[in-house]
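First the structure, in the form of structure tokens, and then the observations on it.
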Amino acid sequence: MKPVVGTTPRVVKSDQEWREQLAPEEYAVLRQAGTERPFTGEYTDTKTTGVYECRACGAELFRSDTKFESHCGWPSFYDPADSDAVLLREDRAMGMRRIEVLCASCHSHLGHVFEGEGYATPTDQRYCINSISLKLVEDSGD
């Protein structure tokens with residue numbers, strides 16, 4: 001994966017360390033910017049309350065109260081957990097012009113963000129994120 005220009009990840013590991021930590025499917029998405037098949041991810045239809053963390057480094061990325069049903073085949077959020085949670089960069093792969101979403105902490109690939117699709121969300125954005133890039137930490141209910 002290309003480094004994000006002008007930023008240094010807080011979590012730095014060698015390619016070998018990432019391969020040892022992540023399952024092959026996780027590595028393909030998180031470190032090689034792959035995509036899981038639509039409607040197959042474990043969080044696509046989840047309504048559980050909690051925080052979605054980066055599966056690679058554990059950084060908080062999204063909260064369940066910003067998750068919405070977009071029926072696109074991947075979990076969708078309208079806003080990151082905070083302004084420093086993710087990085088965005090232009091992605092011209094596959095003959096398309098999209099905006100890639102990366103974990104700000106470790107620069108792992110999460111998915112893409114789209115705007116102006118008409119969803120009734122406060123930001124008019126859809127962060128389309130691979131389930132395999134996330135780990136849901138459920139609220140304890142305290």
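The values are calculated or read from the model by the stated rules, or taken from the named source; none is laboratory data. Bear in mind that the values here come from a model prediction, so they are computed numbers and not experimental data. Cβ placement follows ideal geometry from the backbone for every residue including glycine, while neighbour counts extend to all protein chains displayed.
Quick check, is ARG89 at pLDDT 95 or above and of a type outside the set (Gly, Ala, Ser)? When the stated conditions are applied, ARG89 does not pass them. Of all residues in the range 87-100, exactly one satisfies the criterion of being in contact (Cβ under 8 Å) with a residue 60 or more places away in the chain and among the acidic types (Asp, Glu), namely GLU100.
Scoring LEU102 on the criteria (1) at pLDDT below 95; (2) in a strand (DSSP E or B); (3) touching a His at 6+ places or on another chain (Cβ under 9 Å) leaves a single failure, condition (1).
Which residues, taken from the range 101-116, are under 14 Å from SER76 (Cα atoms) and in contact (Cβ under 8 Å) with a residue 40 or more places away in the chain? Result: LEU110, GLY111.
Taken over the range 54-84, the residue count meeting the criterion of being surrounded by fewer than 18 Cβ atoms within 10 Å (Cβ to Cβ), among the small types (Gly, Ala, Ser) and more than 20 Å from VAL137 (Cβ to Cβ) is 2.
Each residue in the range 14-39 was checked for being touching a residue at least 60 places away in the same chain (Cβ under 8 Å) and over 17 Å from LYS135 (Cβ atoms), and 4 of them qualify. Only residues that are in a loop (DSSP other than H, G, I, E, B) and hydroxyl-bearing (Ser, Thr, Tyr) were counted across the range 54-80, and they come to 2.
Those residues that are within 22 Å of TRP18 (Cβ to Cβ) and either among the hydrophobic types (A, V, I, L, M, F, W, C) or surrounded by fewer than 19 Cβ atoms within 10 Å (Cβ to Cβ) (or both), I need them from the range 85-104; list them, please. If the condition is that a residue be within 22 Å of TRP18 (Cβ to Cβ) and either among the hydrophobic types (A, V, I, L, M, F, W, C) or surrounded by fewer than 19 Cβ atoms within 10 Å (Cβ to Cβ) (or both), then ALA85, VAL86, LEU87, LEU88, ARG89, ASP91, ALA93, VAL101, LEU102, CYS103, ALA104 are the ones that fit.
For the range 40-53: of the residues being of a type in the set (S, T, N, Q) and over 15 Å from CYS128 (Cα atoms), which is surrounded by the most Cβ atoms within 10 Å (Cβ to Cβ)? Step by step, filter the range 40-53, then rank; the result is THR49.
Just give me the residues in the range 36-53 being of a type in the set (Ser, Thr, Tyr) and not in a strand (DSSP E or B), in sequence order.
Within the range 36-53, the subset of a type in the set (Ser, Thr, Tyr) is 40, 43-44, 46, 48-49, 52.
THR40, TYR43, THR44, THR46, THR48, THR49 - these are the residues of the range 36-53 that are of a type in the set (Ser, Thr, Tyr) and not in a strand (DSSP E or B).
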